[in-house]
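Each reported figure results from applying straightforward, stated rules to the coordinates on display, with no laboratory input. These numbers were taken from a predicted model, which means no experiment stands behind them. Here the Cβ positions follow ideal geometry from the backbone for every residue, glycine too, while neighbour counts run over all protein chains shown.
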Amino acid sequence: MKKYGKFAVLIAIILAVMVWLALAGSGGAKTYYKTVAELSQMGDRAYSQRLRVGGDVATGSIEHHGKQVVFVLKQDKQDLKVVYSGQDPLPDTFRDGAQALAEGKMDRDGTFHATNIQAKCASKYEAKPSLKPGQVPNINSGTKSSI
């Protein structure tokens, strides 16, 4: 019986360590997605959490200062100054008017310090205006065909 008791205690210890590692590791990885408008409504909670903030890059706002890039995210009539100082280069689709997602932390001075930037250019992924739903351009003959 002692043999099974030692084995059960060992299994219980291993399971307890695995649960502890899972809970401790997931706490730092939590990142909440917010829009610029939602971020302004968070109050003091915005300073204590890792966040992802989405919006449109304001036209003419992108400035390169050495390894830092400063730009403004807009949503409706609200602006958010973002300072990116991450290690990775900015995506090719990051430009004026692009939809962007900045991941980082909010500073008390109202600046969002991002460590990761994702961007997409919406017009690049939209269907051509001349095509109707269900139609695909026929590459060989230049005419449209239906699916």
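Taken one residue at a time, the phi angles of segment 48-55 give Karplus couplings (6.51, -1.76, 1.60, θ = phi - 60°) of 10, 10, 6, 10, 10, 10, x, x Hz. Gly and Pro are set to x. Each peptide in 85-92, 8-15, 48-55, 105-112 gets a packing score, the mean of other Cβ atoms within 10 Å over its residues, and the list from highest to lowest is 48-55, 105-112, 85-92, 8-15.
Restricting the calculation to alpha carbons of segment 33-124 gives Rg and Dmax of 12.1, 37 angstrom. Close amide H contacts of residue 34 (hydrogens built in the peptide plane, cut-off under 5 Å, sequence separation of 5 or more or a different chain): 52, 53, 54. Coupling constants for segment 76-81 follow from the phi torsions by the Karplus curve (6.51 cos²θ - 1.76 cosθ + 1.60, θ = phi - 60°), and in residue order they are 6, 10, 10, 10, 9, 6 Hz; glycine and proline get x. Using the Cβ-Cβ distance between residue 93 and residue 10 with R0 set to 41 Å, the FRET efficiency from 1/(1 + (r/R0)^6) comes to roughly 0.20.
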